[in-house]
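Shown next, in structure tokens, is the structure this report addresses.
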Amino acid sequence: MAGQSPDNTSPQTPAPRHDASGGRFTLTVDGTDAVLDYHEEGGVMVITHTGVPSEIGGRGIAGQLVESAFKYAGEQKWKVRPECTYAAGWAKRHPAYLSLVE
């Protein structure tokens, strides 16, 4: 798609940052943080919350966070349990990642 990089982030949107010890992915846009929280249970990433403040909503930011989390889980050879309703819906819309869903 024109104007986007190969990883689907726009040129103005950086990649999410990952704090593995804190169980959080963060994406800062226009000085505002969007987050995805998770914890690991015996080889399963449990996604508990995805939050994007309304002032930066509607830009695909939650999807970027969830995709980053799924990619990381795959790299770790973990399964994913999306307890967050957004993450669960995202997984259903992205069949390439369904093999990771517990």
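The values are calculated or read from the model by the stated rules, or taken from the named source; none is laboratory data. The structure displayed is predicted, hence computed values, not measured ones. For neighbour counting, all protein chains shown are included, and Cβ atoms are generated from backbone atoms with ideal geometry for every residue, glycine included.
The table below gives the values:
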{"read-out": "Complete set of residues in the stretch 28-38 that are out of contact with any Leu (no Cβ under 8 Å at 6 or more places or on another chain), buried (at least 18 other Cβ atoms within 10 Å of the Cβ) and under 16 Å from Pro53 (Cβ atoms)", "value": "Val29, Asp37"}
{"read-out": "Matching option when the condition is modelled with pLDDT of 95 or more, farther than 14 Å from Glu102 by Cβ and not hydroxyl-bearing (Ser, Thr, Tyr), among Gly51, Gly74", "value": "Gly51"}
{"read-out": "Per-region count, the stretch 64-102, residues basic (Lys, Arg), more than 24 Å from Thr32 (Cα to Cα) and without any contact (Cβ under 8 Å) to a residue 24 or more places away in the chain", "value": "2"}
{"read-out": "Test result for Glu67, at pLDDT 95 or above and exposed (fewer than 15 other Cβ atoms within 10 Å of the Cβ)", "value": "no"}
{"read-out": "Top-ranked residue of the stretch 1-27 - restricted to ones that are of a type outside the set (A, V, I, L, M), surrounded by 14 or more Cβ atoms within 10 Å (Cβ to Cβ) and under 13 Å from the mean Cα position of the chain (by Cα), ranked as modelled with the lowest pLDDT", "value": "Thr9"}
{"read-out": "Residue list for the stretch 28-82, restricted to those being in a helix (DSSP H, G or I), hydrophobic (A, V, I, L, M, F, W, C) and under 14 Å from the mean Cα position of the chain (by Cα)", "value": "Ile61, Ala62, Leu65, Val66, Ala69, Phe70, Ala73"}
{"read-out": "Any hit, the stretch 49-63, residues being in contact with a strand residue (DSSP E or B) (Cβ under 6 Å, 6 or more places away or on another chain), crowded, with 18+ Cβ neighbours inside 10 Å, touching a residue at least 40 places away in the same chain (Cβ under 8 Å) and polar (S, T, N, Q)", "value": "no"}
